[in-house]
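To keep things clear, I will list the structure first and then write my remarks on it.
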Amino acid sequence: QVQLVESGGGLVQAGGSLRLSCAASGRTFSSYAMGWFRQAPGKEREFVAAINKSGGSAYYPDSVKGRFTISRDNAKNTVYLQMYSLKPEDTAVYYCAADQQRTPTVSAGVDYWGKGTLVTVSS
């Protein structure tokens with residue numbers, strides 16, 4: 001069992017930045033690939049970023065590539081999402097995801113989810 005707790009969300013103006021954190025419980029954090037997803041009101045959950053177990057490979061959709069950076073600290077059981085040049089369309093609840101079998105770039109079948117943290121970007 002893995003518990004994921006996101007933090008770092010809030011209100012930011014367009015063009016600003018935020019860093020989200022996701023702290024994982026347990027002693028097997030390094031055996032999970034990690035990801036971030038987001039869900040805006042009335043929309044489906046969408047992939048934002050993912051990182052493999054070692055942190056050596058990261059993946060992004062075109063919508064955030066060059067603006068968002070995912071990283072992990074296996075010693076701290078934490079994955080981060082640094083977000084720059086935020087846009088109003090980035091407004092959503094951001095969820096942390098953990099998966100032991102694959103790097104989570106799709107939401108279906110992910111092993112564990114956090115409860116989310118709200119990011120609001122004002123224009």
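The values are calculated or read from the model by the stated rules, or taken from the named source; none is laboratory data. Given the structure is predicted, the values throughout are model-derived calculations rather than measurements. A quick note on method: Cβ atoms are made from the backbone with ideal geometry, for glycine too, and the neighbour counts reach across all protein chains shown. When the accessible area is computed, the model is the full protein with side chains, heavy atoms only, and any ligands, DNA or RNA have been set aside. Shrake-Rupley method; radii C 1.70, N 1.55, O 1.52, S 1.80 Å.
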**OP:** For the range 51-105, report the convex hull volume of the alpha-carbon atoms normalised per residue, in Å³, without decimals.
**Re:** 93 Å³
Subject >> Long-range amide H partners of TYR112 with built H, under 5 Å >> reply: ALA98
**OP:** State to the nearest 20 debye the size of the charge dipole of the chain about its Cα centre, where the only charges are +1 on K and R beta carbons and -1 on D and E beta carbons.
**Re:** 200 debye
Subject >> Of all accessible heavy-atom area on the range 1-75, the percent that carbon and sulfur account for (1.4 Å) >> reply: 45 percent
Original post:
Using a Cα distance threshold of under 21 Å, what count of lysine pairs results for the chain when pairs must be 8 or more residues apart or interchain?
Top reply: 7
Subject >> Accessible solvent surface per residue of the chain, calculated while the other protein chains remain in place, 1.4 angstrom probe, Å² >> reply: 51 Å²
**OP:** Would you mind calculating the gained length between SER122 and SER7 on full extension (0.36 nm times residue separation, minus the Cα-Cα distance), in nm to one decimal?
**Re:** 39.5 nm
Subject >> Mean separation of Cα contacts under 8 Å, 6 or more apart, over the residue count of the chain: relative contact order % >> reply: 36 percent
Subject >> Distant-in-sequence amide H partners of THR91 (H built 1.01 Å from N, under 5 Å) >> reply: VAL121
**OP:** Over all alpha-carbon pairs of the chain, lay out the pair-distance distribution in 5 Å bins, whole %, shortest bin first.
**Re:** 2, 13, 24, 27, 19, 10, 4, 1, 0
